[in-house]
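Engineer: Input: one structure, supplied below.
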């Protein structure tokens, strides 16, 4: 029986690595109340499937995304549409 591994292999091209190094930040906007994808735990820490995936990507490409927490769906959509930093 195969077990799930907590790692992924992402091979970035030199061009992708260069582009990534030139970014001040890349913002990820999780939704606070959409379990099991996104939610706050009892300590008010963002959790969920999307956060688990984001952490795996961060480790694989050696990059830390900036989080902007959205209180509701409209706030999340408007933030992304307006590309606010």
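The values are calculated or read from the model by the stated rules, or taken from the named source; none is laboratory data. Please read all numbers here as calculations on a predicted model, not as lab measurements. Note that we place each Cβ from the backbone using ideal geometry, even for glycine, and neighbour counts take in every protein chain shown.
Engineer: Assuming residue 33 fulfils every condition listed in (1) out of contact with any helix residue (DSSP H, G or I) (no Cβ under 8 Å at 6 or more places or on another chain); (2) modelled with pLDDT of 95 or more apart from one, which condition is it?
Structural biologist: Tallying (1) out of contact with any helix residue (DSSP H, G or I) (no Cβ under 8 Å at 6 or more places or on another chain); (2) modelled with pLDDT of 95 or more, residue 33 fails exactly one: (2).
Engineer: Name every residue in the stretch 9-25 that is touching a helix residue (DSSP H, G or I) at 6+ places or on another chain (Cβ under 8 Å) and surrounded by 10 or more Cβ atoms within 10 Å (Cβ to Cβ), in order of residue number.
Structural biologist: Those that are touching a helix residue (DSSP H, G or I) at 6+ places or on another chain (Cβ under 8 Å) and surrounded by 10 or more Cβ atoms within 10 Å (Cβ to Cβ): 10, 12, 20.
Engineer: Next question, about the same structure. Looking only at residues that are surrounded by 10 or more Cβ atoms within 10 Å (Cβ to Cβ) and either touching a residue at least 24 places away in the same chain (Cβ under 8 Å) or more than 15 Å from the chain's Cα centre (by Cα) (or both) in the stretch 42-56, which one is farthest from residue 75 (Cα to Cα)?
Structural biologist: The extreme case among them is 56.
Engineer: Filtering the stretch 61-83 down to residues that are in contact (Cβ under 8 Å) with a residue 24 or more places away in the chain and in a helix (DSSP H, G or I), which residue is surrounded by the fewest Cβ atoms within 10 Å (Cβ to Cβ)?
Structural biologist: 73
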